[in-house]
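The values are calculated or read from the model by the stated rules, or taken from the named source; none is laboratory data. Remember, predicted model here, so these are calculated numbers, not experimental data. Every residue, glycine as well, gets a Cβ built from its backbone with ideal geometry; the counts of neighbours run over all protein chains shown.
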């Protein structure tokens, strides 16, 4: 199984066909010349149907997925996606609904959207929710455009700076820049919190707001959150909550009560809609009553006669997505919330935090913690094994592949050297966690005793260590027979 | 241990500055290139662009991370090292020589810069 699968072009041979068309029994009519391809089609792959099926089936069987193994990718919440969601999303009333159906014919679908808005608002402590955004980054974009619209609506156009902590997800500064704002970085303190003195020095009448993840990307609860919110608000700014790490606080803390004005929910992380290739995502957003008039629309409301209807908020920043967001994901998230209920959601977070701390405590003697604190749903360790010479986090991550595990997130957050960011999630058993811990401890021993085993890893995967530097410097972006042959030849040496 | 030439001055964000006549040459330090690892992409400003001290004048990207480059001194860009556009390797192999990034005509405004001894102590403090 663990062999290289040739590229489909390499499997091609002239004259083979996947389909035979019936004999032509009508007069031939040439296509207009403008529609004909002018390039050489001779090198297009030619294969039989079983060859194509086997090629793609073999590749698909090499996918590493949450359905095949442990996937502790920090900041991504790769939890198990219950299969009941798929049944719900395939109910014909949902799956066959057309987005242009008259509202009177889509009451069930609209009710589901309305209830999901209500549930997400309740869980997060916000007054209004829009299900429009397609994923987290688009939710951020919706948030910062909403902040902009809010300040302009108050005749306060001088606000042009968005504060972002140095530990933030890269999407935060990217979002602020996309919205045309200047990004101002705020430092973290020794306990992994926002440095309050640095924050104070950077707040000004130019502050649009601050983007903050809580728990932050170090997997730590922001201990000064109430003070941070007070300072930002005092400067006239708004506080954006990046919901990437919401899995740690369901039913325990509500961002709206912590002082956030706006947040996005990653339904594809926290609320178990498929994630990572199985998407699409959903980045629903929630906010305070003051910001509700600016939310992207359409949203769903209940008319006086009890019917559900779509409406666009009066000062809406507009649409971010065709129709009603990624509706199939909304069905899955609704199903998840209703399956677990309030007590179940709280237990999700409690177990996620417990699992992360179990891994942290079992590994911290060999992999130093970035900050010596109890963590939330994920833990950030360093690939600096005591006594190991010349071994980096990258080597450890590659070696984990040989042990059959998906590696954790590495080299993020950027403020932690040799970071290993591990998020086990609540859906893993103690048995799975123990086998991961055992592999990590074994790798630490190898790092000291046989470091070359790590430098050469992975040795049991279909391909060996990839040359990331060369891939970045000399990318081959489309099939090129000569480049393939050259790379193959060099690889064989 | 990374190399820290005695005749240069250094910023806290790991850029070096060398005075050449009425211009300065700017690059990243040996320590910075070690931390970044192999550089795979570089975005430099246009000649003629002006920067305040501490302002981002470009982006440097390695297989590990993408980082802003910060101007240690304010001024106008008079030349960029265009040889690096297709091959960034000199930044790793010769950060104080062939790996230089930009030349500037300084405005006189500067970040707080360190001499070689102070920068060595600064790096020492950071490694703990």
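Just a few scattered comments:
- Single unsatisfied condition, residue A:245 versus (1) at pLDDT below 95; (2) out of contact with any helix residue (DSSP H, G or I) (no Cβ under 9 Å at 6 or more places or on another chain); (3) within 24 Å of residue A:413 (Cα to Cα): (1)
- The residue list A:451, A:408, A:462 contains one member that is at negative phi, more than 14 Å from every other protein chain (Cβ to nearest Cβ) and in contact with a strand residue (DSSP E or B) (Cβ under 9 Å, 6 or more places away or on another chain), which is A:408.
- Some residue of segment A:395-404 being within 17 Å of residue A:76 (Cα to Cα), more than 14 Å from every other protein chain (Cβ to nearest Cβ) and surrounded by fewer than 23 Cβ atoms within 10 Å (Cβ to Cβ): no
- Among the candidates A:414, A:420, the residue that is within 14 Å of chain B (Cβ to nearest Cβ) and either buried (at least 17 other Cβ atoms within 10 Å of the Cβ) or not in a loop (DSSP other than H, G, I, E, B) (or both) is uniquely A:420.
- A single member of B:8, B:101, B:36 is within 14 Å of chain A (Cβ to nearest Cβ), buried (at least 20 other Cβ atoms within 10 Å of the Cβ) and at negative phi, and it is B:36.
- Filter result (without any contact (Cβ under 8 Å) to a residue 12 or more places away in the chain and either part of a loop (DSSP other than H, G, I, E, B) or buried (at least 20 other Cβ atoms within 10 Å of the Cβ) (or both)) within segment A:423-444: A:429
- Residue in segment A:383-394 that is assigned to a helix (DSSP H, G or I), over 22 Å from the mean Cα position of the chain (by Cα) and either away from chain B (no Cβ under 14 Å) or more than 24 Å from residue B:61 (Cβ to Cβ) (or both) present: no
- Applying the set (1) within 14 Å of chain B (Cβ to nearest Cβ); (2) buried (at least 21 other Cβ atoms within 10 Å of the Cβ) to residue A:187 leaves exactly one unmet item: (2).
- Matching residues, segment A:337-358, being over 27 Å from residue A:218 (Cβ atoms) and either surrounded by 13 or more Cβ atoms within 10 Å (Cβ to Cβ) or in contact with a strand residue (DSSP E or B) (Cβ under 7 Å, 6 or more places away or on another chain) (or both): A:337, A:338, A:339, A:340, A:342, A:344
- In segment A:471-493, the residue that is farthest from the other protein chains (Cβ to nearest Cβ) out of those that are farther than 23 Å from residue A:8 by Cβ and surrounded by 13 or more Cβ atoms within 10 Å (Cβ to Cβ) is A:473.
- Tally, over segment A:167-184, of residues that are surrounded by fewer than 16 Cβ atoms within 10 Å (Cβ to Cβ) and in contact with a strand residue (DSSP E or B) (Cβ under 7 Å, 6 or more places away or on another chain): 2
- Top-ranked residue in segment B:30-43 [being assigned to a strand (DSSP E or B) and out of contact with any helix residue (DSSP H, G or I) (no Cβ under 6 Å at 6 or more places or on another chain); ranked as nearest to residue B:62 (Cα to Cα)]: B:41
- Residue check for residue B:27: assigned to a strand (DSSP E or B), modelled with pLDDT under 95 and away from chain A (no Cβ under 14 Å): no
- Of the residues making up segment A:36-60, those that are surrounded by fewer than 16 Cβ atoms within 10 Å (Cβ to Cβ), more than 30 Å from residue A:327 (Cβ to Cβ) and touching a residue at least 40 places away in the same chain (Cβ under 8 Å) number 3.
- Hits in segment B:52-78 - residues which are over 14 Å from the mean Cα position of the chain (by Cα) and away from chain A (no Cβ under 14 Å): B:75, B:76, B:78
- Test: residue in segment A:300-311 that is in contact with a strand residue (DSSP E or B) (Cβ under 7 Å, 6 or more places away or on another chain), in contact (Cβ under 8 Å) with a residue 12 or more places away in the chain, surrounded by 21 or more Cβ atoms within 10 Å (Cβ to Cβ) and under 20 Å from residue A:121 (Cβ atoms): yes
- Filtered by the rule that a residue be closer than 17 Å to residue B:111 by Cα and surrounded by 16 or more Cβ atoms within 10 Å (Cβ to Cβ), segment B:53-75 gives B:53, B:54, B:57, B:58, B:69, B:70, B:71, B:72, B:73, B:74, B:75.
- Pairs where the first residue, in segment A:95-112, is under 13 Å from residue A:327 (Cβ atoms) and the second is in a helix (DSSP H, G or I), C-beta under 6 Å, 6+ apart: A:97/A:109; A:108/A:93; A:112/A:334
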